[in-house]
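Reviewing the structure listed below.
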Amino acid sequence: MRIAVIGTGYVGLVTGVALSEIGHHVTCIDVDPSKVETLSNGIPTIYEPGLEALMKKNTAAGRLAFTAVHSEGLSEAAVVYIAVGTPKRADGSANLDYVESAAKDIARNITQNVIVVIKSTVPVGTNFHILNVINTNTKPGIQVKIASNPEFLREGSAVKDTFHGDRIVIGAEDEATADILAEINAPFNMPILKTDISSAEMIKYASNAFLATKISFINEIANICESLGANVEEVAKGMGFDHRIGPDFLKAGIGYGGSCFPKDTNALVQLAGNNHHDFNLLKSVIEVNNNQQILLIDKILSRFGSLAGKRVAVLGLAFKPHTDDLRESPALVMIPKLAELGADIIAYDPIAIGNAKKQIKEAIAYTEDLPSALQNADFAVIITDWPDVKKINLSAYNQLMNDPIVFDGRNCYSLDAVKQETIEYYSIGRPD
Ligand SMILES: NC(=O)C1=CN([C@@H]2O[C@H](COP(=O)(O)OP(=O)(O)OC[C@H]3O[C@@H](n4cnc5c(N)ncnc54)[C@H](O)[C@@H]3O)[C@@H](O)[C@H]2O)C=CC1
Ligand SMILES: O=C(O)[C@H]1O[C@H](OP(=O)(O)OP(=O)(O)OC[C@H]2O[C@@H](n3ccc(=O)[nH]c3=O)[C@H](O)[C@@H]2O)[C@H](O)[C@@H](O)[C@@H]1O
């Protein structure tokens, strides 16, 4: 099948590469010519384990190409995926400007019948709206079908998730369209759920909202555990044995970040509100998360009183390990607060520093070397559970820092391991 993918971000690029790997001929289109040039040279514009090798392999095999010219990328496509961003507007709702502009790009440039597949996360009703945008802007006689195919990959394991996900959801208006999409996706060998378009759109928001709820729930339990002297990890383990609850997404910490949970929970609250439903449960999930992201500041302040002149090692900037993405990372909340309180900050991250420098306004120092970050620090704050932070020999805190005081926002170490060292250690939902 000849496929075009509009947008080469985390979702579009991984989708394009994966579709080419299972044998389709894919052209990825992006409005950013510099991205297209980098991709055409075989260099991924995002960090995702396993992506570069697949990109190179399929480009060399002639199944994968990149262009900034919509007419070129769309010229022979039977199916066009839209995978552009749907960021949060000031009122919390999803900004559909990019999706609409991609729809107009399709409408103006196609000369053949196509199926347009919306992979971007969009509110219920958007697929029909976008079909209307395309139909009103395209040439007469061209038949366009629309389908919703929400994406469930996680950053940092996007390639693995695409080939080994739990399900593929296809929302279509007619069986023929659903069948074509099922056939395209058949080599992924995953359960395929065919449904109506509105339900497919809602499955995406409901899934992200539910996962965010699990995280805020366990974070609330963690905070109660702290007051009562219980250990949230033991509690989560005990809960997870119950298969109705399951062990996943019960890791307490500094709160969820990323480009999707914060934006999609807000968009669902907004969508519900627009339809006269006050989604109180989800509003609380968001509030718990906002508080959780700054929880460590209270702990730090009650330990030190003042941070003026204190040197702090911030360990991790990305919103989770194995990604260079800082969108809604707790680091973006913590660093301005620490700076405002007068701390002298050195931040460590193995791959996200390039993106961090674009988003962090405060004058702080950066390093990709973990020991250099710890050198002469008065305290350390763990924001991202990078493998090298988790695997560090705990004696390094003692050897390198002025004072081995660690505020761990990701519960990286077992309390038994910490007890073997002379470290002052504060974590989330566990006895200090
Ligand atoms: N990032 C993630 O892990 C996941 C994201 N999603 C959803 O997928 C969508 C895309 O997210 P990301 O890939 O993170 O976005 P992104 O912001 O990383 O990438 C979007 C890309 O689209 C390009 N673009 C915008 N308008 C265009 C147009 N008219 N023509 C061609 N290119 C255009 C931009 O230049 C950019 O490269 C969002 O709706 C998001 O909620 C869903 C699941 C996972
Ligand atoms: O729609 C999306 O964009 C994606 O959002 C999440 O994926 P992602 O944000 O990449 O990463 P997750 O692994 O879900 O982590 C999100 C945040 O939750 C935090 N988290 C996760 C799990 C947990 O138990 N505790 C916890 O605090 C992580 O540290 C991270 O900050 C979902 O897991 C994907 O299924 C979805 O496709």
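The values are calculated or read from the model by the stated rules, or taken from the named source; none is laboratory data. Note that the coordinates shown come from a computational prediction; the quantities given were computed from them, not determined experimentally. When we count neighbours, we look across all protein chains shown, and the Cβ atoms used for this are built from the backbone with ideal geometry, even at glycine. All accessible areas refer to the heavy atoms of the entire protein, side chains included, with ligands and DNA or RNA removed. Shrake-Rupley method; radii C 1.70, N 1.55, O 1.52, S 1.80 Å.
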Practice problem: Mind putting a number on the dipole of segment 294-426 about its Cα centre? Charges go on the C-beta only, +1 for Lys and Arg and -1 for Asp and Glu, and I need it in Debye to the nearest 20. | Solution: 200 debye
Practice problem: Would you give the gap between the C-alpha center of segment 385-405 and the C-alpha center of segment 1-63, rounded to a whole Å? | Solution: 38 Å
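Keeping every protein chain present and rolling a 1.4 Å probe, give me the accessible area per residue for segment 41-145 in Å². Can you show the working numbers first?
Numbers: 4580 Å² over 105 residues.
Dividing the accessible area of segment 41-145 by its residue count gives 44 Å².
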Quiz item: Which whole-number percentage describes the relative contact order of the chain, with Cα contacts under 8 Å and a sequence gap of 6 or more?
Solution: 12 percent
Quiz item: So, in Å, what gap is there between the alpha-carbon centers of segment 296-317 and segment 261-285?
Solution: 33 Å
Quiz item: Which chymotrypsin sites (Phe, Trp or Tyr not before Pro) does segment 272-360 hold that lie in a coil by DSSP with at most 15 other beta carbons within 10 Å?
Solution: none
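Could you work out the helix-only [θ] at 222 nm for the chain, with each DSSP H run of four or more residues adding -39,500 (n - 2.57) and the total divided by the number of residues, to the nearest 500 deg cm²/dmol?
Values: 19 runs with 194 residues, N = 432.
That calculation yields -13500 deg cm²/dmol at 222 nm.
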Quiz item: So, in Å, what gap is there between the alpha-carbon centers of segment 107-186 and segment 217-244?
Solution: 40 Å
Practice problem: Just the number, please: carbon plus sulfur as a percent of the accessible area of segment 2-195, 1.4 Å probe, no ligands or DNA/RNA counted. | Solution: 51 percent
Quiz prompt | Whole-number D in µm²/s for segment 1-109 (Stokes-Einstein; Kirkwood sum over Cα pairs; 25 °C, 0.890 mPa s) | solution = 176 µm²/s
Practice problem: Hand me the chymotrypsin sites (Phe, Trp or Tyr not before Pro) from segment 180-248 located in a DSSP loop with no more than 16 other Cβ atoms within 10 Å, in residue order please. | Solution: PHE241
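For ASN137, what charge total do you get from the other residues with a beta carbon under 13 Å from its beta carbon, if Lys and Arg give +1 and Asp and Glu give -1? Spell out each step's value before the answer.
Values: positive: LYS104, ARG108, LYS139; negative: GLU100, ASP105.
Charge balance near ASN137 sits at +1.
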Quiz item: When the chain is fully extended, how far beyond the present Cα-Cα distance does LYS57 get from ALA230, taking 0.36 nm per residue of separation?
Solution: 57.2 nm
Exercise. State the percentage of accessible surface on segment 294-426 attributable to carbon and sulfur atoms; use a 1.4 Å probe and exclude ligands, DNA and RNA.
Key: 48 percent
Self-check item: Within the chain, longest stretch clear of exposed GluC sites (Glu not before Pro) (DSSP loop, no more than 14 other Cβ within 10 Å)
Solution: 77-361
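Rounded, prolate or oblate: which fits the chain when a ≥ b ≥ c are the square roots of the eigenvalues of the alpha-carbon gyration tensor, with rounded for a/c under 1.5 and prolate only if a/b beats b/c? All intermediate terms of the calculation are to be shown ahead of the outcome.
Values: a/c = 2.17, a/b = 1.76, b/c = 1.23.
Note, shape of the chain comes out prolate.
Find the accessible area per residue for segment 204-291; the probe is 1.4 Å, ligands and nucleic acids are left out, and the unit is Å². Don't skip to the end; give the middle numbers.
Details: 4480 Å² over 88 residues.
Heavy-atom SASA per residue in segment 204-291 reads 51 Å².
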Quiz item: Which whole-Hz couplings ³J(HN,Hα) result when phi for each residue of segment 156-171 is put into the Karplus expression 6.51 cos²θ - 1.76 cosθ + 1.60, θ = phi - 60°, listed in order with x for Gly and Pro?
Solution: x, 9, 4, 5, 4, 4, 5, 8, 10, x, 8, 6, 10, 9, 10, x
